[in-house]
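The values are calculated or read from the model by the stated rules, or taken from the named source; none is laboratory data. This structure is a prediction, so every number in the text was calculated from the model and none was measured. Glycine also receives a Cβ, built like all others from the backbone with ideal geometry; neighbour counts cover every protein chain displayed.
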Amino acid sequence: MPVLYLSHGAPTLADDTLWPGQLMGWSSILGRPRAILVVSAHWEEAPITVSATRPAPLVYDFWGFPQRYYQVTYQAPTAPWLAQRVHELLSEPGRPVREAGERGLDHGAYVPLVEMYPEADIPVLQLSMPTLDPELLMAMGRRLAPLRDEGVLIIGSGFFTHNLHALAEAPQPDSPPPAWSSEFDQWGREALDHLDVDALVDFQHRAPDGGLAHPRTEHFAPLFVTLGAGEADLATRRSVIEGFWHGLAKRSIQIG
């Protein structure tokens, strides 16, 4: 399977006129995965933890939205076998992978999956980020890479630029992006085009307006899991979705 990094959108993604169709079109060319493993910007926990392997409610980890966004369901099958494989690949002496027995999928996982695989018939497991360190996350991705040969679609879910002040600067979904967002997006595109992984890892120092594009780095961090898991196929990387939503860069990439 390929490896993805996608910009996942707020719960209101479902109301966008363009984005849901882009995600559905993307999933249609990927082939059907045996299972999906998601690393979301919205779950930081150490040691590494997997989501529930028995049915559990979604995590509506957002506030102030109309009630209908809290009524969305996504009852995908659980994946205990995948949790066991993650344990085998990532556990270290004295630091086993844990299971969060009651934690379901958060919106970084289910919001895009509702659009990509609306039948909810593919097993899904979510994995926490134990750190925001790019090099450590790349190493984690490398260790997860064997899952690709087992039919698992690995998805890093974040946002290519993520500063919620942009929502005030760009009040409409198609508002022109602020300069800091478009400049960071262009820099990131060029770094990906040139396979400059070192620059991406050091984005806080090398990228223009890095501090504005990511006041906190959790939405860029899943990219490094993707880069690690797809390291053998980086020459195939391509941007599948580009453009902006409320001023935020929704660049999403595929490797393999």
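Name the single residue that is nearest to Gly141 (Cα to Cα) among those in the stretch 53-80 being of a type in the set (A, V, I, L, M, F, W, C) and in contact with a strand residue (DSSP E or B) (Cβ under 7 Å, 6 or more places away or on another chain).
Of all residues in the stretch 53-80, those of a type in the set (A, V, I, L, M, F, W, C) come to 56, 58-59, 62-63, 65, 72, 76, 79.
Among the residues that remain, those that are also in contact with a strand residue (DSSP E or B) (Cβ under 7 Å, 6 or more places away or on another chain) are: 59, 76, 79.
Working: Val59: 24, Ala76: 23, Ala79: 19 Å.
Checking each candidate, the answer is Ala79.
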Of the conditions (1) farther than 25 Å from Gly141 by Cα; (2) of a type in the set (A, V, I, L, M, F, W, C); (3) out of contact with any strand residue (DSSP E or B) (no Cβ under 8 Å at 6 or more places or on another chain), Leu90 fails just one. Which one is it?
-> (1)
Consider Pro33 carefully, then state whether it is part of a loop (DSSP other than H, G, I, E, B), touching a strand residue (DSSP E or B) at 6+ places or on another chain (Cβ under 7 Å), of a type outside the set (A, V, I, L, M) and within 29 Å of Gly243 (Cα to Cα).
-> yes
Report whether or not Ser128 is surrounded by 14 or more Cβ atoms within 10 Å (Cβ to Cβ) and either hydrophobic (A, V, I, L, M, F, W, C) or assigned to a loop (DSSP other than H, G, I, E, B) (or both).
-> no
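On the basis of being within 19 Å of the chain's Cα centre (by Cα) and in contact (Cβ under 8 Å) with a residue 24 or more places away in the chain, does Pro2 make the cut?
yes
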Could you grab the pairs with beta carbons closer than 8 Å, sequence gap of 6+ or different chains, first residue in the stretch 11-39 and of a type in the set (Gly, Ala, Ser), second one in a strand (DSSP E or B) and buried (at least 18 other Cβ atoms within 10 Å of the Cβ)?
-> Ala35/Val124; Ala35/Leu125; Ala35/Val152; Ala35/Leu153
If we scan the stretch 35-48, do we find a residue that is under 20 Å from the mean Cα position of the chain (by Cα), closer than 15 Å to Val124 by Cα and either at pLDDT below 95 or exposed (fewer than 13 other Cβ atoms within 10 Å of the Cβ) (or both)?
-> no
Every pair of residues 6+ apart whose Cβ atoms lie under 9 Å, when the first sits in the stretch 89-107 and is closer than 18 Å to Trp43 by Cβ and in contact (Cβ under 8 Å) with a residue 12 or more places away in the chain while the second is assigned to a helix (DSSP H, G or I) and β-branched (Val, Ile, Thr) | Val97/Val86
With criteria (1) at pLDDT 95 or above; (2) over 19 Å from Ala41 (Cα atoms), Arg68 comes up short on (1)
Qualifying helices (runs of 4 or more DSSP H) (wholly inside the stretch 165-237; at least 3 residues being of a type in the set (A, V, I, L, M, F, W, C) and modelled with pLDDT of 95 or more) | 179-193, 197-201, 222-229
